[in-house]
Each structure stands twice: as C-alpha cells, then as structure tokens.
Amino acid sequence: MNLKKYFPRIIRTSGALAPPDAQAQAKRRLDYVNEAAFSRVWSVRFSRRQALLLLALAVAATAALIYVVMAFTPLRALLPGTLPGDMRARYIETTLRLDSLSRQIQLDARYLADMRAILDGTTDPDSARASHALLPATTDTLLPASEAERAFVNKFESNRRYQLSVLSPIAADGMAFYSPAPGADAQPAADGTSVELRCGRNQGVDAIYRGTVVSAQADAGGLYTVVIQHPNEFVSIYGGLADIFTSRGATPATGARIGVAPETGGAVTFELWHNGVPLDPATYVAF
C-alpha cells in the first residue's frame, strides 16, 4: 500500500522528528545579513562541540600570549618577585637618592627666590632667612642618627638590661649550676661579667648544666671556646681550653666533661649570659 499517496504531507515533514542522537549532532548557523539588500553576506555552521573547542583554543592562545609577553619582554619586571635581589636594592637606593635630590632642589629654589627678593628690595634678609627655615623637612633614611635618637636608644637599652637582670634570678630558680672546674681558684673580673679559673695542670672543665653546644671552635692561638645553650635562655661560655671533647650540636649533661685546661695551668675564662645580658657568674655558680 502506497502511504505517500494518501499522506504526502505527513511523510514529508516526518524527517523533522529526528532521534536524540541526531539532535545532539544538530548544527547551528551564524549568519551575517545585509538588511538593506536582504542578502546573506557570509554564514558559518557549527555544532556545540566545535563551539566549545574553539572557545578552549581561544583561552589557551590568550594564556600563551600573556606568558610569552611576561616571560620574554621587559614587562616581566612588573610581576612581584621577579626582580633580582641586587636590582631591588638598587631601585630602593635610587629612590632614596631621588628623594634627597628633590629636597635639595626645593631648598635651592627657595634660596634663589629669597635672594631675588632681597636684591629687588621687596623683603629684608631676616625675614627671608626665617621663611627659608620654615621649609618642611622630609625624613631621609640615609642620614645618621641624631643625638636625641642615640640618647633614647641608650636609655631604652639600659632599662631593658636592668629588667633582664632582675628577671634572671627568677629564671634560674630551680636550676642547680655545677662548678665548671671544681677546686680551681676563681678570680672575678673587674666588670663582674666573667670569672678567670686558675686551674691545675690538665684539669678538666665541665658543663655547668645540661644544654646544647652551639659553638666549639679554636682561636688564632690554638685555644678553644665552647658555648652551651641551657634552658630558660641561659648561655655559658668556656674560653681558653687546650682541648675539647665535644662538638657543635652535642647535648652534654650537667657536669659532663667538655674540655681540659692548658698543660701549663693557664686561666680558663668562664661567662654566664641570660637573654643576651652578661651576668656575674659568682652569683649563680658555686665555684
């Protein structure tokens, strides 16, 4: 039976009812039309997949262009962290010098204006000198510290040192310091910041308290100095040792042997510090 004979219109339009797979592959068309002439200038047909692919390619191309411009052109200097260390320091120094030059240019211009006014007779020298002194000053970090600034720093350091000295006995509470050289003759220094230990021949030198060796090195004369960091911010220093039995990073216990005095029985220098402030060792250690 020929259905087209009886249902020709239905058969012709049934092609519009496409299956889902065919609809997914449907094309879109972008037309550029000249409305004055009612004609199509150009037309582009694309699917959804092609549109997404073109958009991804455009984003990738833009990112690649930005990378090339920032990586291989002088514009990379605008990115934070890309300047070399010496170049950054040079820029800062140049900026400071420019500020100083601008200040000097202002002073010179004001001075010339005052001189012109004096020569013209429109002002007297005293008022010109006063107006020149009223020029606002700028802060220049290249200038040395003033007397007032140095006095303030000295006063602050003195107060801080006093406060730390007061807190040192509190920090030492509960810490029993061992004698670095038992039986040695202890001679306190005149300033009260160290003690000279007159040791016997090849007498051993011990750590006054448990801690960590932060330095163990020899001086030009071949004598060793050992620095030990203790709890509660205490530091002990043993200088003038003929030989040492420890090294940096070691953790000696209280009374552990760390070195030996010179063979001739020379003096071993002992110092005790707390929070960067020298203490009188005789106040904390029973020699």
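The values are calculated or read from the model by the stated rules, or taken from the named source; none is laboratory data. Quick caveat, the model's predicted, so the values are computed rather than measured. Every residue, glycine among them, receives a Cβ derived from its backbone with ideal geometry; neighbour counts consider all protein chains shown. Heavy atoms of the whole protein, side chains included, go into the accessibility calculation; ligands, DNA and RNA do not. Shrake-Rupley method; radii C 1.70, N 1.55, O 1.52, S 1.80 Å.
General remarks:
- Derived scalar couplings between HN and Hα for the stretch 31-43 equal 10, 10, 10, 8, 5, 5, 9, 6, 9, 8, 6, 8, 9 Hz in order, rounded to whole Hz, by the Karplus curve 6.51 cos²θ - 1.76 cosθ + 1.60 (θ = phi - 60°), x for Gly and Pro.
- Taking all protein chains together, Asp206, Asp280, Asp99 sort by accessible area into Asp99, Asp280, Asp206, largest first [probe 1.4 Å].
- Tyr178 contributes an accessible area of around 100 Å² to the protein surface, as traced by a 1.4 Å probe with all chains present.
- Potential lengthening between Asp185 and Arg76 on full extension [0.36 nm per residue; Cα-Cα distance subtracted]: 32.4 nm
- Nearest-0.05 FRET efficiency for Leu65 and Trp42, computed from C-beta distance (R0 35 Å): 0.85
- Spin-label model, Ala220 to Asp31: label points 7 Å out along the Cα-to-beta-carbon direction sit 9.7 nm apart.
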